[in-house]
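Below is one structure, written out as C-alpha coordinates; comments come after it.
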Amino acid sequence: MARLSPRGIADQVMSKINNEYDNLASLNIMVLGKTGVGKSTLINRIFEEKMVEAGTGKPVTNSIVKVEQEGIPLVLYDTPGLELTGANDFEALSKQITKLIHEYFNDKIVGNEIHCILYCVSTASHRFEGAESDFLRGILDKTKEYNVPVIIVLTQSFSRSDAEEMKQVIEAENLPISAIIPVLADEYEFDEDIIIPPYGIDTLTEKMADILPDSIRNTFIALESANLALKTKRARVAVTTATITAAATGVLPIPIADSSIVIPDQIAMLVGISIAFGLRIDKETSSIISGTINAIGPTVFGKNLKYSLFKIIPGIGLVMSGTTIASVTYALGETYIKVLTGIYTGEIKKEEMETPETKKLISDMFMREMSSSAVKAKEVSNGGNAQ
Ligand SMILES: Nc1nc2c(ncn2[C@@H]2O[C@H](COP(=O)(O)OP(=O)(O)OP(=O)(O)O)[C@@H](O)[C@H]2O)c(=O)[nH]1
Ligand SMILES: [Mg+2]
(Lines give C-alpha, C1' and ligand atoms only; values in the text may rest on other atoms or scores of the structure.)
(Ligands and ions follow the chains in the order given, each with its own letter.)
Protein backbone atom coordinates (compact mmCIF):
# COMPACT_ATOMS: atom_id res chain seq x y z
CA MET A 1 0.00 0.00 0.00
CA ALA A 2 1.33 3.34 -0.98
CA ARG A 3 2.08 5.83 1.69
CA LEU A 4 -0.10 8.82 1.39
CA SER A 5 -0.14 12.04 3.30
CA PRO A 6 -3.47 13.77 3.83
CA ARG A 7 -2.36 16.21 1.15
CA GLY A 8 -1.51 13.29 -1.15
CA ILE A 9 -4.92 11.75 -0.57
CA ALA A 10 -6.56 15.10 -1.21
CA ASP A 11 -4.60 15.39 -4.47
CA GLN A 12 -5.74 11.93 -5.59
CA VAL A 13 -9.34 12.68 -4.73
CA MET A 14 -9.08 16.02 -6.49
CA SER A 15 -7.73 14.65 -9.72
CA LYS A 16 -10.43 11.98 -9.73
CA ILE A 17 -13.12 14.59 -9.05
CA ASN A 18 -11.78 16.42 -12.06
CA ASN A 19 -12.11 13.36 -14.30
CA GLU A 20 -15.49 12.45 -12.95
CA TYR A 21 -16.75 15.99 -13.37
CA ASP A 22 -15.56 16.08 -16.97
CA ASN A 23 -17.38 12.82 -17.60
CA LEU A 24 -20.70 14.00 -16.24
CA ALA A 25 -23.31 13.96 -18.99
CA SER A 26 -24.71 17.37 -19.77
CA LEU A 27 -28.08 18.23 -18.31
CA ASN A 28 -30.31 20.02 -20.80
CA ILE A 29 -33.34 21.85 -19.45
CA MET A 30 -35.89 24.01 -21.21
CA VAL A 31 -37.47 26.76 -19.15
CA LEU A 32 -40.60 28.22 -20.68
CA GLY A 33 -43.08 30.84 -19.64
CA LYS A 34 -44.19 34.38 -20.19
CA THR A 35 -41.97 37.31 -19.42
CA GLY A 36 -41.70 38.22 -15.77
CA VAL A 37 -43.13 34.99 -14.35
CA GLY A 38 -39.83 34.28 -12.58
CA LYS A 39 -37.95 31.84 -14.84
CA SER A 40 -34.54 33.36 -14.15
CA THR A 41 -35.24 33.69 -10.44
CA LEU A 42 -36.20 30.02 -10.33
CA ILE A 43 -33.15 28.80 -12.21
CA ASN A 44 -30.77 30.90 -10.17
CA ARG A 45 -32.37 29.53 -7.06
CA ILE A 46 -32.00 25.89 -8.13
CA PHE A 47 -28.43 26.17 -9.36
CA GLU A 48 -27.24 29.11 -7.34
CA GLU A 49 -24.91 30.14 -10.09
CA LYS A 50 -25.92 33.25 -11.84
CA MET A 51 -26.82 31.12 -14.84
CA VAL A 52 -29.45 33.33 -16.33
CA GLU A 53 -28.73 36.97 -16.68
CA ALA A 54 -29.88 39.34 -19.30
CA GLY A 55 -27.96 39.02 -22.51
CA THR A 56 -25.84 35.99 -21.61
CA GLY A 57 -27.76 33.59 -23.80
CA LYS A 58 -27.13 32.82 -27.42
CA PRO A 59 -30.31 32.94 -29.56
CA VAL A 60 -31.19 29.62 -31.18
CA THR A 61 -34.61 30.67 -32.48
CA ASN A 62 -36.61 33.92 -32.40
CA SER A 63 -37.65 33.35 -28.84
CA ILE A 64 -35.31 30.74 -27.41
CA VAL A 65 -31.82 31.39 -26.10
CA LYS A 66 -29.26 28.83 -25.09
CA VAL A 67 -27.43 29.56 -21.86
CA GLU A 68 -24.31 27.70 -20.90
CA GLN A 69 -21.12 28.28 -19.00
CA GLU A 70 -17.66 26.99 -19.69
CA GLY A 71 -16.93 23.93 -17.57
CA ILE A 72 -20.47 23.43 -16.25
CA PRO A 73 -22.39 20.45 -17.68
CA LEU A 74 -25.65 22.34 -17.86
CA VAL A 75 -27.44 23.76 -20.87
CA LEU A 76 -30.53 25.88 -20.37
CA TYR A 77 -32.96 26.89 -23.05
CA ASP A 78 -34.71 29.99 -21.82
CA THR A 79 -37.42 32.20 -23.30
CA PRO A 80 -36.58 35.62 -21.88
CA GLY A 81 -38.85 38.57 -22.42
CA LEU A 82 -41.52 36.58 -24.14
CA GLU A 83 -44.88 38.33 -24.46
CA LEU A 84 -47.27 35.46 -24.88
CA THR A 85 -50.53 37.23 -25.27
CA GLY A 86 -52.63 35.07 -27.47
CA ALA A 87 -53.05 31.88 -29.43
CA ASN A 88 -50.83 33.17 -32.26
CA ASP A 89 -47.87 33.75 -29.96
CA PHE A 90 -48.26 30.30 -28.44
CA GLU A 91 -48.55 28.76 -31.88
CA ALA A 92 -45.33 30.41 -33.04
CA LEU A 93 -43.43 29.32 -29.92
CA SER A 94 -44.83 25.82 -30.17
CA LYS A 95 -43.40 25.48 -33.68
CA GLN A 96 -39.94 26.57 -32.55
CA ILE A 97 -39.90 24.26 -29.56
CA THR A 98 -41.18 21.26 -31.43
CA LYS A 99 -38.59 21.79 -34.14
CA LEU A 100 -35.77 22.12 -31.61
CA ILE A 101 -36.77 19.02 -29.69
CA HIS A 102 -36.87 16.97 -32.88
CA GLU A 103 -33.49 18.34 -33.95
CA TYR A 104 -31.83 17.68 -30.63
CA PHE A 105 -33.14 14.15 -30.32
CA ASN A 106 -32.12 13.30 -33.85
CA ASP A 107 -28.74 14.95 -33.62
CA LYS A 108 -25.80 12.69 -34.38
CA ILE A 109 -24.03 13.98 -31.31
CA VAL A 110 -25.39 12.23 -28.25
CA GLY A 111 -26.14 14.37 -25.25
CA ASN A 112 -28.17 17.17 -26.82
CA GLU A 113 -31.58 15.78 -25.91
CA ILE A 114 -33.89 17.91 -23.82
CA HIS A 115 -34.23 16.11 -20.50
CA CYS A 116 -36.93 18.14 -18.88
CA ILE A 117 -39.21 21.10 -19.54
CA LEU A 118 -40.13 23.48 -16.75
CA TYR A 119 -43.20 25.41 -17.80
CA CYS A 120 -43.59 28.40 -15.50
CA VAL A 121 -46.95 29.94 -14.74
CA SER A 122 -47.19 32.77 -12.25
CA THR A 123 -49.65 32.16 -9.44
CA ALA A 124 -49.63 35.88 -8.79
CA SER A 125 -50.96 36.49 -12.31
CA HIS A 126 -54.09 34.45 -11.50
CA ARG A 127 -54.19 33.31 -15.09
CA PHE A 128 -53.85 30.03 -16.88
CA GLU A 129 -55.31 30.42 -20.31
CA GLY A 130 -56.87 27.92 -22.64
CA ALA A 131 -54.18 28.87 -25.13
CA GLU A 132 -51.47 27.72 -22.70
CA SER A 133 -53.20 24.44 -22.20
CA ASP A 134 -53.49 23.88 -25.97
CA PHE A 135 -49.88 24.93 -26.36
CA LEU A 136 -48.57 22.36 -23.87
CA ARG A 137 -50.82 19.63 -25.18
CA GLY A 138 -49.65 20.39 -28.72
CA ILE A 139 -45.94 20.23 -27.86
CA LEU A 140 -46.31 17.02 -25.89
CA ASP A 141 -48.33 15.45 -28.67
CA LYS A 142 -45.88 16.40 -31.41
CA THR A 143 -42.88 15.15 -29.46
CA LYS A 144 -44.42 12.20 -27.70
CA GLU A 145 -41.93 9.69 -29.10
CA TYR A 146 -39.25 11.32 -26.90
CA ASN A 147 -41.25 11.36 -23.68
CA VAL A 148 -39.83 14.67 -22.53
CA PRO A 149 -41.13 15.18 -18.99
CA VAL A 150 -42.87 18.48 -18.30
CA ILE A 151 -43.27 20.02 -14.87
CA ILE A 152 -45.58 22.99 -14.50
CA VAL A 153 -43.99 25.27 -11.94
CA LEU A 154 -46.37 27.67 -10.27
CA THR A 155 -43.96 30.53 -9.72
CA GLN A 156 -44.38 33.59 -7.52
CA SER A 157 -46.69 31.61 -5.26
CA PHE A 158 -46.77 34.28 -2.57
CA SER A 159 -50.16 32.96 -1.55
CA ARG A 160 -50.35 29.25 -0.92
CA SER A 161 -54.13 29.18 -1.22
CA ASP A 162 -53.99 30.94 -4.60
CA ALA A 163 -51.38 28.40 -5.68
CA GLU A 164 -53.61 25.54 -4.59
CA GLU A 165 -56.51 27.03 -6.54
CA MET A 166 -54.34 27.48 -9.62
CA LYS A 167 -53.13 23.91 -9.28
CA GLN A 168 -56.69 22.63 -9.29
CA VAL A 169 -57.58 24.69 -12.35
CA ILE A 170 -54.60 23.24 -14.24
CA GLU A 171 -55.19 19.71 -12.98
CA ALA A 172 -58.70 19.89 -14.42
CA GLU A 173 -57.09 20.25 -17.86
CA ASN A 174 -55.76 16.70 -17.57
CA LEU A 175 -52.50 17.47 -19.33
CA PRO A 176 -50.03 14.61 -19.76
CA ILE A 177 -47.47 16.27 -17.48
CA SER A 178 -45.34 14.94 -14.62
CA ALA A 179 -46.32 17.35 -11.88
CA ILE A 180 -47.64 20.77 -10.93
CA ILE A 181 -45.51 22.30 -8.19
CA PRO A 182 -46.09 25.63 -6.42
CA VAL A 183 -42.88 27.46 -5.65
CA LEU A 184 -41.71 30.67 -4.08
CA ALA A 185 -38.12 30.89 -5.26
CA ASP A 186 -37.14 33.99 -3.29
CA GLU A 187 -38.59 35.27 -0.06
CA TYR A 188 -41.34 37.78 -0.57
CA GLU A 189 -41.65 40.92 1.48
CA PHE A 190 -45.34 41.40 1.83
CA ASP A 191 -44.84 44.44 3.97
CA GLU A 192 -42.31 45.40 6.60
CA ASP A 193 -43.65 42.93 9.13
CA ILE A 194 -44.58 40.06 6.92
CA ILE A 195 -41.94 38.20 5.01
CA ILE A 196 -42.93 35.00 3.28
CA PRO A 197 -40.00 32.58 3.20
CA PRO A 198 -39.24 30.64 0.02
CA TYR A 199 -40.77 27.19 -0.33
CA GLY A 200 -41.38 24.41 -2.84
CA ILE A 201 -37.86 24.23 -4.27
CA ASP A 202 -37.13 21.02 -2.38
CA THR A 203 -40.27 19.41 -3.78
CA LEU A 204 -39.41 20.60 -7.27
CA THR A 205 -35.77 19.46 -7.19
CA GLU A 206 -36.78 16.09 -5.77
CA LYS A 207 -39.28 15.64 -8.57
CA MET A 208 -36.68 16.66 -11.13
CA ALA A 209 -34.16 14.14 -9.77
CA ASP A 210 -36.90 11.57 -9.91
CA ILE A 211 -37.90 12.06 -13.54
CA LEU A 212 -34.44 12.58 -15.00
CA PRO A 213 -32.82 9.58 -16.68
CA ASP A 214 -30.29 7.72 -14.49
CA SER A 215 -27.33 8.98 -16.48
CA ILE A 216 -28.34 12.60 -15.90
CA ARG A 217 -29.45 12.39 -12.29
CA ASN A 218 -25.88 12.57 -10.96
CA THR A 219 -25.24 15.70 -12.97
CA PHE A 220 -28.38 17.29 -11.60
CA ILE A 221 -27.55 16.40 -8.00
CA ALA A 222 -24.02 17.74 -8.41
CA LEU A 223 -25.24 21.01 -9.93
CA GLU A 224 -28.32 21.79 -7.90
CA SER A 225 -27.57 23.67 -4.74
CA ALA A 226 -31.03 23.93 -3.26
CA ASN A 227 -31.64 20.47 -1.83
CA LEU A 228 -29.26 19.12 0.80
CA ALA A 229 -31.31 15.95 1.32
CA LEU A 230 -30.84 14.97 -2.34
CA LYS A 231 -27.09 15.42 -2.04
CA THR A 232 -26.87 13.47 1.20
CA LYS A 233 -28.90 10.62 -0.20
CA ARG A 234 -26.68 10.37 -3.27
CA ALA A 235 -23.53 10.64 -1.13
CA ARG A 236 -24.74 7.78 1.07
CA VAL A 237 -24.89 5.53 -1.98
CA ALA A 238 -21.14 6.07 -2.33
CA VAL A 239 -20.65 5.20 1.36
CA THR A 240 -22.71 2.03 1.05
CA THR A 241 -20.80 0.87 -2.02
CA ALA A 242 -17.42 1.44 -0.41
CA THR A 243 -18.48 -0.17 2.87
CA ILE A 244 -19.70 -3.31 1.13
CA THR A 245 -16.45 -3.58 -0.83
CA ALA A 246 -14.38 -2.97 2.30
CA ALA A 247 -16.22 -5.64 4.25
CA ALA A 248 -15.30 -8.13 1.56
CA THR A 249 -11.62 -7.13 1.61
CA GLY A 250 -10.45 -9.58 4.24
CA VAL A 251 -7.44 -8.74 6.37
CA LEU A 252 -5.19 -5.98 5.18
CA PRO A 253 -1.63 -5.53 6.38
CA ILE A 254 -0.95 -2.05 7.62
CA PRO A 255 2.57 -0.72 7.56
CA ILE A 256 2.93 0.69 11.00
CA ALA A 257 4.60 3.88 9.86
CA ASP A 258 1.89 4.55 7.36
CA SER A 259 -0.67 6.86 8.80
CA SER A 260 -2.96 6.28 5.90
CA ILE A 261 -5.77 3.80 5.83
CA VAL A 262 -7.18 5.29 2.70
CA ILE A 263 -7.39 2.71 -0.01
CA PRO A 264 -8.75 3.07 -3.54
CA ASP A 265 -12.33 2.22 -2.57
CA GLN A 266 -12.27 4.90 0.06
CA ILE A 267 -10.84 7.39 -2.38
CA ALA A 268 -13.66 6.51 -4.79
CA MET A 269 -16.10 7.06 -1.93
CA LEU A 270 -14.66 10.49 -1.14
CA VAL A 271 -14.89 11.35 -4.85
CA GLY A 272 -18.53 10.20 -5.03
CA ILE A 273 -19.48 12.26 -1.99
CA SER A 274 -17.57 15.30 -3.30
CA ILE A 275 -19.35 15.14 -6.66
CA ALA A 276 -22.78 14.84 -5.02
CA PHE A 277 -21.97 17.98 -3.03
CA GLY A 278 -20.88 19.73 -6.20
CA LEU A 279 -17.31 20.34 -5.05
CA ARG A 280 -15.13 21.87 -7.69
CA ILE A 281 -11.43 21.65 -8.14
CA ASP A 282 -9.96 24.45 -6.18
CA LYS A 283 -7.79 25.16 -3.17
CA GLU A 284 -10.78 25.14 -0.86
CA THR A 285 -11.82 21.64 -1.89
CA SER A 286 -8.29 20.44 -1.34
CA SER A 287 -8.22 21.90 2.14
CA ILE A 288 -11.61 20.42 3.00
CA ILE A 289 -10.45 16.94 2.06
CA SER A 290 -7.01 17.09 3.60
CA GLY A 291 -8.45 18.83 6.66
CA THR A 292 -10.91 15.99 7.17
CA ILE A 293 -8.26 13.29 6.78
CA ASN A 294 -5.87 15.25 8.99
CA ALA A 295 -8.44 15.49 11.72
CA ILE A 296 -9.36 11.81 11.78
CA GLY A 297 -5.97 10.23 11.03
CA PRO A 298 -4.70 10.46 14.60
CA THR A 299 -8.01 9.10 15.82
CA VAL A 300 -7.60 5.93 13.81
CA PHE A 301 -3.97 5.50 14.76
CA GLY A 302 -4.00 7.04 18.19
CA LYS A 303 -4.93 5.26 21.36
CA ASN A 304 -8.09 7.16 22.05
CA LEU A 305 -10.44 4.64 20.53
CA LYS A 306 -12.14 2.38 23.01
CA TYR A 307 -10.92 -0.70 21.20
CA SER A 308 -7.99 -1.42 18.99
CA LEU A 309 -8.54 -1.38 15.29
CA PHE A 310 -5.55 -3.59 14.66
CA LYS A 311 -4.49 -7.12 15.30
CA ILE A 312 -1.02 -8.51 15.14
CA ILE A 313 -0.62 -11.63 13.06
CA PRO A 314 2.77 -13.32 13.43
CA GLY A 315 4.70 -13.19 10.20
CA ILE A 316 2.48 -10.48 8.71
CA GLY A 317 2.49 -7.87 11.41
CA LEU A 318 -0.19 -5.36 11.97
CA VAL A 319 -3.44 -6.05 10.17
CA MET A 320 -6.90 -4.63 9.97
CA SER A 321 -9.82 -6.97 9.47
CA GLY A 322 -12.35 -6.47 6.68
CA THR A 323 -15.02 -5.66 9.24
CA THR A 324 -12.83 -3.01 10.83
CA ILE A 325 -11.98 -1.52 7.46
CA ALA A 326 -15.69 -1.46 6.69
CA SER A 327 -16.33 0.40 9.95
CA VAL A 328 -13.58 2.91 9.32
CA THR A 329 -14.80 3.38 5.75
CA TYR A 330 -18.36 3.91 6.88
CA ALA A 331 -17.31 6.35 9.62
CA LEU A 332 -15.01 8.22 7.23
CA GLY A 333 -17.82 8.54 4.66
CA GLU A 334 -20.39 9.67 7.20
CA THR A 335 -17.95 12.14 8.74
CA TYR A 336 -17.06 13.59 5.36
CA ILE A 337 -20.79 13.99 4.57
CA LYS A 338 -21.24 15.78 7.91
CA VAL A 339 -18.30 18.08 7.17
CA LEU A 340 -19.72 18.99 3.77
CA THR A 341 -23.16 19.44 5.29
CA GLY A 342 -21.61 21.77 7.87
CA ILE A 343 -19.98 23.75 5.11
CA TYR A 344 -23.25 23.81 3.16
CA THR A 345 -25.18 25.16 6.13
CA GLY A 346 -22.39 27.52 7.15
CA GLU A 347 -21.71 25.80 10.48
CA ILE A 348 -18.21 24.91 9.34
CA LYS A 349 -16.10 27.53 7.59
CA LYS A 350 -14.01 26.32 4.67
CA GLU A 351 -11.19 28.66 5.63
CA GLU A 352 -11.07 27.21 9.13
CA MET A 353 -10.48 23.57 8.27
CA GLU A 354 -7.12 23.51 10.00
CA THR A 355 -8.00 25.31 13.21
CA PRO A 356 -7.83 23.23 16.41
CA GLU A 357 -11.57 23.79 16.98
CA THR A 358 -12.58 22.44 13.57
CA LYS A 359 -10.15 19.55 13.89
CA LYS A 360 -11.63 18.61 17.23
CA LEU A 361 -15.15 18.93 15.87
CA ILE A 362 -14.33 16.59 12.98
CA SER A 363 -12.44 14.11 15.11
CA ASP A 364 -15.35 14.01 17.59
CA MET A 365 -17.74 13.40 14.70
CA PHE A 366 -15.56 10.57 13.53
CA MET A 367 -15.35 9.06 17.02
CA ARG A 368 -19.12 9.13 17.31
CA GLU A 369 -19.49 7.50 13.91
CA MET A 370 -16.88 4.89 14.84
CA SER A 371 -18.63 3.91 18.03
CA SER A 372 -21.77 3.09 16.14
CA SER A 373 -20.27 2.21 12.82
CA ALA A 374 -19.21 -1.35 13.58
CA VAL A 375 -22.86 -2.21 13.85
CA LYS A 376 -23.90 -0.02 10.94
CA ALA A 377 -21.14 -1.23 8.65
CA LYS A 378 -22.36 -4.73 9.30
CA GLU A 379 -25.92 -3.78 8.52
CA VAL A 380 -24.82 -2.02 5.38
CA SER A 381 -22.78 -4.90 4.11
CA ASN A 382 -25.58 -7.34 4.91
CA GLY A 383 -28.53 -5.32 3.73
CA GLY A 384 -26.92 -2.95 1.26
CA ASN A 385 -28.81 -0.10 2.80
CA ALA A 386 -27.22 2.69 4.78
CA GLN A 387 -30.41 4.23 6.07
N1 LIG B 1 -39.93 37.79 -4.06
C2 LIG B 1 -39.92 37.10 -5.20
N3 LIG B 1 -39.83 37.74 -6.38
C4 LIG B 1 -39.83 37.00 -7.50
C5 LIG B 1 -39.91 35.58 -7.48
N6 LIG B 1 -39.89 35.14 -8.75
C7 LIG B 1 -39.78 36.23 -9.52
N8 LIG B 1 -39.74 37.35 -8.79
C9 LIG B 1 -39.60 38.75 -9.26
O10 LIG B 1 -40.33 38.89 -10.46
C11 LIG B 1 -39.58 39.64 -11.41
C12 LIG B 1 -39.37 38.83 -12.68
O13 LIG B 1 -38.60 37.71 -12.40
P14 LIG B 1 -37.62 37.05 -13.46
O15 LIG B 1 -37.03 35.86 -12.81
O16 LIG B 1 -36.72 38.04 -14.04
O17 LIG B 1 -38.68 36.61 -14.57
P18 LIG B 1 -38.38 35.92 -15.98
O19 LIG B 1 -39.47 34.96 -16.20
O20 LIG B 1 -37.00 35.42 -16.04
O21 LIG B 1 -38.57 37.16 -16.96
P22 LIG B 1 -37.99 37.31 -18.43
O23 LIG B 1 -36.53 36.95 -18.42
O24 LIG B 1 -38.23 38.74 -18.76
O25 LIG B 1 -38.79 36.43 -19.34
C26 LIG B 1 -38.28 40.01 -10.72
O27 LIG B 1 -38.41 41.29 -10.17
C28 LIG B 1 -38.16 39.00 -9.63
O29 LIG B 1 -37.43 39.47 -8.55
C30 LIG B 1 -40.00 34.95 -6.20
O31 LIG B 1 -40.06 33.72 -6.06
N32 LIG B 1 -40.00 35.74 -5.10
MG1 LIG C 1 -35.39 35.78 -17.37
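The values are calculated or read from the model by the stated rules, or taken from the named source; none is laboratory data. These figures come from a predicted structure and were not determined experimentally. Glycine also receives a Cβ, built like all others from the backbone with ideal geometry; neighbour counts cover every protein chain displayed. Please note that ligands, DNA and RNA were not included when accessible areas were found on the heavy atoms of the full protein model with its side chains. Shrake-Rupley method; radii C 1.70, N 1.55, O 1.52, S 1.80 Å.
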With the 8 Å Cα cutoff and a minimum separation of six or more residues, the chain has a relative contact order in percent of 18 percent
To the nearest 10 degrees, the tilt of helix 264-276 (Cα long axis) against the first principal axis of the alpha carbons of the chain is 30 degrees
Amide H contacts under 5 Å for residue 122, restricted to residues at least 5 apart in sequence or on another chain and with H modeled in the peptide plane, are 155
Under a 1.4 Å probe, counting only protein heavy atoms, residue 214 has an accessible area in Å², nearest 10, of 110 Å²
Among 130, 291, 71, the residue with the largest mean-square fluctuation in a Gaussian network model of the chain built from Cα contacts under 10 Å is 71
Given 101-113, 138-150, 229-241, the highest-first ranking by average Cβ count within 10 Å works out to 229-241, 138-150, 101-113
In the structure shown, of 167/350; 66/231; 108/207; 99/167; 39/360, the pairs separated by more than 32 angstrom at the C-alpha atoms are 167/350; 39/360
Neighbours of residue 296 by Cβ distance under 13 Å: Lys/Arg at +1, Asp/Glu at -1, summed charge +1
Helix 201-211 sits off the longest principal axis of the Cα atoms of the chain, rounded to the nearest 10 on a 0 to 90 degree scale, by 90 degrees
For residue 372 the rounded accessible area (nearest 10 Å², probe 1.4 Å, non-protein molecules ignored) is 40 Å²
Sorted largest first, the C-alpha extents of the range 88-135 along its principal axes in whole angstrom are 42, 21, 12
Taking every other residue with Cβ under 12 Å from the Cβ of residue 115 and scoring Lys and Arg +1, Asp and Glu -1, one gets -1
So the angle from the long Cα axis of helix 228-247 to the longest Cα principal axis of the chain, reported in degrees to the nearest 10, equals 40 degrees
For the chain, Rg(Cα) over 2.2 N^0.38 Å is 1.16
Counting sequence-distant residues (5 or more places) and residues on other chains, those with an amide H built under 5 Å from that of residue 348 are 343
The distance between the Cα centres of the range 108-149 and the range 81-102, in whole Å, is 10 Å
Between residue 108 and residue 371, the two model label points (7 Å from Cα along the beta-carbon direction) sit apart by a distance in nm of 6.4 nm
In a Gaussian network model of the chain with springs linking alpha carbons closer than 10 Å, the residue among 249, 292, 335 that fluctuates most is 249
Residues other than residue 194 with Cβ under 14 Å of its Cβ, Lys/Arg counted +1 and Asp/Glu -1, net out at -4
Of 29, 195, 151, the most mobile residue in a GNM of the chain (C-alpha springs, cutoff 10 Å) is 195
Once the dipole of the range 33-223 is set up from charges on Cβ (+1 Lys and Arg, -1 Asp and Glu), the residue from the list 123, 100, 42 lying farthest towards its positive end is 100
In whole percents, the bins of 5 Å from zero upward hold the Cα-Cα pairs of the range 33-223 as 1, 7, 15, 20, 22, 18, 10, 4, 1, 0, 0, 0
